[in-house]
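Presented below is the structure to which this report refers.
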Amino acid sequence: MLKVLVTGANGFVGSHIVETLLEAKHHVICSIRKTSNLKWIKSFPVEHKYGDLDDINFLETSVRDVDVIVHCAGIVRAMSKDEYFKVNVESTKNLCKVILNVNPNLKKIIFISSQAAMGPAVSPNGMKITDKENPVSDYGASKLAAEAELKKTLQGKIPYTILRPAAVYGPRDKDIFIFFNLVHKHLRPVTITKRLLQVVYVKDVASVVTACLENKNTDNNTYYLADSAAYTWSDVGKTISYSVGVKTAPLPVPDFVFKLAGIMAECLSRIINKPVVLNRQKITEILQNYWIADTKPVEDDLNIRFTSLDVASKITYNWYLNNKFF
């Protein structure tokens with residue numbers, strides 16, 4: 001049994017990581033803000049540490065005497081580039097420095113990055129881990145910069161593993177839920193231009209994290225996490241609708257509708273002074289032709305196979321149904 005600290009433990013991905021670590025009989029410490037919603041982890045037998053990652057004293061208290069750290073905390077939407085970098089990069093930098101100061105014998109840190117850090121592939125062949133990254137959003141750039149800080153600070157001192165999940169879906173998610181909600185309403189979105197993307201089931205992300213804890217093959221490596229199949233938007237809708245037995249009709253969405261939605265959402269964000277799910281940069285990400293990466297390295301090193309969309313979408317849809325999301 002390992003003593004594992006999870007930052008961002010109350011979030012969608014973080015809560016599943018906590019749950020899977022507990023199933024594997026590890027002792028889990030959740031690093032969370034005092035204002036955090038603990039809905040998904042309140043019933044878990046975990047230890048809580050309340051504080052902010054920009055508080056050095058809190059970090060020192062949190063990282064001391066733990067065996068492994070899973071750094072899942074971060075923001076996926078913000079009002080400015082500076083905010084992305086302050087939260088995603090500076091907090092990672094501070095965390096790594098504190099680790100070296102108070103827990104230099106840490107077994108490993110696992111950093112949950114994003115496929116957005118790599119940027120889109122230039123062809124259907126996808127991105128390999130050795131290809132040069134080209135993020136197309138401030139969020140992606142901040143995740144890539146956080147990875148660089150982690151490597152620079154810990155290289156040769158503390159083992160690390162960097163995970164770059166594709167678009168993550170599953171129970172508790174509120175973003176990709178839009179696909180499931182449209183299917184529930186008998187619709188599936190179709191882009192005019194054929195675009196390919198990968199997705200990854202949240203339980204698979206959590207399983208990879210758990211498998212990396214004591215696996216030396218994953219030390220100082222970076223991995224893309226995704227179901228290796230590439231889907232068009234229509235494929236995603238069709239697969240979900242088929243797996244849950246709901247008939248759907250295509251809903252064509254021209255590019256200008258996406259762009260207009262991004263502009264309108266950004267204007268709303270400024271009015272309410274709060275980041276929203278969509279903005280022009282998120283639309284730029286959505287309109288890339290190939291969000292595809294090579295997942296073979298993680299499959300080989302961990303002997304893992306990712307759950308197919310047809311299987312996991314049924315589980316996810318039924319969870320939404322049972323929890324009255326529709």
Quick test for you: out of 187, 163, 150, 154, pick the one residue that is out of contact with any Cys (no Cβ under 8 Å at 6 or more places or on another chain) and not aromatic (Phe, Trp, Tyr). 187
Taking segment 279-307 and keeping residues outside any helix (DSSP H, G or I), closer than 23 Å to residue 142 by Cα and out of contact with any Ser or Thr (no Cβ under 9 Å at 6 or more places or on another chain) leaves 288, 291, 293
Output the residue which, of all residues in segment 107-133 that are under 17 Å from residue 165 (Cα atoms) and not in a loop (DSSP other than H, G, I, E, B), is farthest from the chain's Cα centre (by Cα). 127
Selection from segment 227-249 of residues part of a strand (DSSP E or B) and either touching a Gly at 6+ places or on another chain (Cβ under 8 Å) or among the aliphatic types (A, V, I, L, M) (or both) yields 249
Here are some conditions: (1) polar (S, T, N, Q); (2) surrounded by 17 or more Cβ atoms within 10 Å (Cβ to Cβ); (3) more than 16 Å from the chain's Cα centre (by Cα); (4) over 29 Å from residue 123 (Cβ atoms). Residue 215 meets all but one. Which one does it not meet? (2)
Residue check, residue 324 on the phi > 0 side of the Ramachandran plot, surrounded by fewer than 20 Cβ atoms within 10 Å (Cβ to Cβ) and either over 18 Å from the mean Cα position of the chain (by Cα) or not β-branched (Val, Ile, Thr) (or both): yes
Restricting attention to segment 90-98, does a residue exist that is touching a residue at least 12 places away in the same chain (Cβ under 8 Å) and more than 21 Å from residue 146 (Cβ to Cβ)? no
Elements of type helices (runs of 4 or more DSSP H) in segment 136-226, at least 1 residues being without any contact (Cβ under 8 Å) to a residue 60 or more places away in the chain and more than 24 Å from residue 66 (Cα to Cα): 138-154, 177-184
Of residues in segment 153-172 being of a type in the set (S, T, N, Q) and modelled with pLDDT of 95 or more, the one nearest to residue 20 (Cα to Cα): 161
Qualifying residues in segment 65-77 (those that are modelled with pLDDT under 95 and charged (D, E, K, R)) - the one surrounded by the most Cβ atoms within 10 Å (Cβ to Cβ): 77
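The values are calculated or read from the model by the stated rules, or taken from the named source; none is laboratory data. Because the structure is predicted, anything quoted here is derived from the model rather than measured. Because the Cβ atoms are built from the backbone with ideal geometry, glycine has one as well, and the counts that use them run over all protein chains shown.
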